1. Sort out for me the Cα centre separation of the range 48-124 from the range 150-209, rounded to whole Å.
2. Would you mind working out the magnitude of the charge dipole of the range 1-92 relative to its Cα centre, with +1 at each Lys and Arg C-beta and -1 at each Asp and Glu C-beta, to the nearest 20 Debye?
3. Explain nothing, just compute: Karplus ³J(HN,Hα) = 6.51 cos²θ - 1.76 cosθ + 1.60, θ = phi - 60°, for every residue of the range 176-188 in order, whole Hz, x for Gly and Pro.
4. Rounded to whole Å and sorted largest first, list the principal axis extents of the Cα atoms in the range 2-249.
5. Of the listed pairs 88/200; 127/160; 127/200; 93/142, which have alpha-carbon separations greater than 27 Å here?
6. Once the dipole of the chain is set up with Lys and Arg at +1 and Asp and Glu at -1 on Cβ about the Cα centre, which of 185, 220, 58 lies farthest towards its positive end?
7. Under a Cβ-only charge scheme (Lys and Arg +1, Asp and Glu -1), can you give me the dipole magnitude of the chain about the Cα centre, in debye to the nearest 20?
Amino acid sequence: MQHFMLDSYNSFRTRLEDVTLIYEILQRIPYELGVKTVMPPMVLPYFDGFVPEDCGISAFVFLKGGHFTIHTFSFRECYFVDFVYNEKYDHEKLINLITRSLPTDRFNKFVVNRDDVNEEIFPKVDKDTDFGPHVFMETEFKKPLNMDWLFETFDELPEKIDMTPIMRPYVAKNVYKDGFMYSAMTMIAESHISLHYFDKTKKGYFDIFSCKFFDEDFVIPKILEIFGQEPNTPYTLISRGSKYRQYGKTTGNKLDYSRQWVVR
C-alpha cells in the first residue's frame, strides 16, 4: 500500500474555497493517472465552524484499493493531500496535476510503503511549528469485518476520541482481485479518519489525520480498544505541515499585499 502525502503552503485562498474545482480535481486526477475510482467525489464545505482557521473544504473519493483526500484551509492558505493506493502509479505526475490546479509557493511531499513505514524520511515532530499529527496503523483483525460494524464504529469514533464529525460515515465494499475490500471514511473538522480492510488477508490500514495535536496517550489506546487490538499494537505518528507556522503568511502579510494598490 503506497501512501503519498503533499503538504502545501501559501496557496490561493479563492481556489481553496472553490467547491467545483475540488470536485473536478478528485474526479479528473485519478482518471489521468489510470487509477479506478469506485464512487463519485464527496465534497464537504466547512465554513460554519467555531474556529475560523479550521474552515475550508474536506473532500474524498474512494479508489479501487485506497482513497484520495484533499483538505483545504482557506484562511490559512494551505492544503493537504493524501493518495493511498495498493498499486503502482506515477507520483511525479500526481504532483504536477495537483499543483497545476492548486498553485502553491511551497510544498513538502512524502511517499511511504504502509507495510514498512520508514519514519526517518519525515522531519522530527515539532508541536510548536508543525500543523498537526497523522497516525498510521496496520492491523490484522481476528474476526471478519462487515459494513454494519464499520458504519457504527466510524459513526461513534469521533466523539469517543474528542474529534468533531462533519458527516456520517461512508462505507463501501468493492471487489478486489480474487477477494473484496471494505473502505470506511468519516470527515472531521480536524481532517479525516479512514480504514481499508482486505478480507483475504484480514489486514486493515487505518489513518487519522488532525489539524491539531491531540493527546496520543488517550487517543491511541481508545482506537486499539475499539478495534479489538492488543495494547502494544505498533503505530506510526508523524507530523504534517512541517514548519507550517514558519512558512505560513501572517495577518500582517495579508494586509500588506491586499492594500498595496494604495501605496504611492
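Laboratory data are not the source of any read-out in this text; all were calculated from the coordinates shown. Since the structure is predicted, the reported quantities are computational estimates derived from the model, not experimental observations. Neighbour counts are summed over all protein chains in view; Cβ atoms, including those assigned to glycine, are modelled from backbone coordinates with ideal geometry.
1. 17 Å
2. On the way: 7 positive and 13 negative charges, 55 e Å.
Dipole of the range 1-92, to the nearest 20 debye: 260 debye.
3. For the range 176-188, the Karplus-derived couplings read 9, 6, 9, x, 8, 9, 9, 10, 10, 8, 9, 8, 10 Hz, x marking Gly and Pro.
4. That works out to 48, 39, 37 Å along the principal axes.
5. In this structure, 127/200; 93/142 lie more than 27 Å apart at Cα.
6. With unit charges placed on the Cβ atoms, the residue in question is 58.
7. So the dipole magnitude of the chain works out to roughly 880 debye.
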